[in-house]
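Input: a single structure, listed below in structure tokens.
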Amino acid sequence: MTSAAPATLVVPCYDEAHRLDAGAFVALLDADPACSLLFVNDGSTDGTAALLAALAARRPGRIRVLDLGRNRGKAEAVRRGLLDALAAPAEIVGYVDADLATPVDEVQRLLELMRGRDMDVLLAARVALLGRHIERRPLRHYLGRIFASMASLVLRLRVYDTQCGAKLFRRSPALAAALAEPFLARWAFDVEMLGRLTTGAAGVPPLGDDEIVEEPLRTWRDVPGSKLRATQMARALGDLVWIARDLGRRRAAARARDDAAKVATAAPPEPPARKSSATP
């Protein structure tokens with residue numbers, strides 16, 4: 001029987017002492033021996049640091065804590081965490097929200113899908129279908145639909161839900177390149193990351209649409225105490241402007257690289273035929 005591909009999940013934490021369900025995270029590890037967790041303490045001011053230290057002690061080696069010292073925002077916490085995870089021998093990395101709005105059994109299912117199918121990115125999507133239990137406040141749902149439509153235009157990618165806090169990535173040069181620089185966006189970094197992955201970088205080909213898969217969740221719920229507010233959604237819409245400009249620059253650079261490669265590989269012109277010096 002083939003062993004499961006090792007995976008590391010990053011969990012960004014900012015003042016999560018009263019919401020983080022330590023037992024649920026331990027249950028996730030017990031159900032998946034090839035999975036490990038990296039909690040990123042993003043400058044919490046409550047008892048999060050002590051809670052994470054106690055949690056790491058329950059599963060030494062499989063639960064680690066990265067302390068950023070001061071608050072740097074979720075975007076940078078996720079980026080630092082993924083970079084740390086890639087420094088270890090994990091084939092699959094990803095991130096989930098500390099409140100487990102995407103519950104443990106769904107996280108397990110996403111990991112199984114990622115391991116069993118040929119894909120580079122797996123995005124959880126909150127799609128309110130019959131037979132699914134997606135508990136989302138109406139305001140957040142409709143604001144989310146507006147945001148997702150605008151994000152699709154910026155990305156030139158038919159994506160339904162960019163902002164669900166559960167995403168998995170297979171180790172790849174495209175992923176390493178996408179994480180090489182801090183994100184410009186503070187709230188919409190998920191969109192920026194997808195844009196980098198599908199644009200590529202110097203010496204790194206972009207991911208194609210067929211290498212990115214969205215999976216509708218069976219269960220998801222709004223957890224009380226969420227830090228997302230309507231004003232922050234408005235800021236996320238503002239982030240899209242910066243992301244669009246940055247992607248425009250990256251796409252122009254990619255076109256320039258392609259043009260240079262075509263010139264470099266083009267066959268040299270044939271030399272003109274030499275005129276015969278023979279006397280008629």
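The values are calculated or read from the model by the stated rules, or taken from the named source; none is laboratory data. Treat the numbers as computed from the prediction; the structure is a model and nothing was measured. A quick note on method: Cβ atoms are made from the backbone with ideal geometry, for glycine too, and the neighbour counts reach across all protein chains shown.
Results, tabulated for the structure shown:
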item: Test: residue in region 53-76 that is more than 30 Å from S3 (Cα to Cα), touching a residue at least 40 places away in the same chain (Cβ under 8 Å) and charged (D, E, K, R); result: yes
item: Unique match (being closer than 24 Å to A125 by Cβ, of a type in the set (S, T, Y) and either at pLDDT 95 or above or not assigned by TED's automatic domain parsing to the domain that holds R145 (or both)) among T199, T279; result: T199
item: Residue in region 140-152 that is farther than 21 Å from P6 by Cα, in the same structural domain as L240 (by TED's automatic domain parsing), modelled with pLDDT of 95 or more and buried (at least 20 other Cβ atoms within 10 Å of the Cβ) present; result: yes
item: Any chance L122 is over 22 Å from A22 (Cβ atoms) and in the same structural domain as G43 (by TED's automatic domain parsing); result: no
item: Within region 50-92, considering residues that are out of contact with any Lys or Arg (no Cβ under 7 Å at 6 or more places or on another chain) and in a strand (DSSP E or B), the one farthest from P224 (Cα to Cα); result: P60
item: Candidate set from region 227-276 (those that are among the aliphatic types (A, V, I, L, M), assigned to a loop (DSSP other than H, G, I, E, B) and farther than 27 Å from L197 by Cβ); member that is modelled with the lowest pLDDT; result: A267
item: Conditions (1) farther than 30 Å from A87 by Cβ; (2) free of Cβ contacts under 8 Å to residues at least 60 places away in the same chain; (3) of a type in the set (A, V, I, L, M, F, W, C); number of the one not met by V159; result: (1)
item: Pairs with Cβ under 7 Å, 6+ apart, first in region 115-128 and acidic (D, E), second at pLDDT 95 or above; result: D120/F169; D120/R170; D120/S172; D120/L207; D120/E211; D120/I212
item: Total residues in region 5-49, condition closer than 28 Å to D118 by Cα, assigned to a loop (DSSP other than H, G, I, E, B) and free of Cβ contacts under 8 Å to residues at least 60 places away in the same chain; result: 2
item: Test: D99 is within 17 Å of A22 (Cα to Cα) and surrounded by fewer than 19 Cβ atoms within 10 Å (Cβ to Cβ); result: no
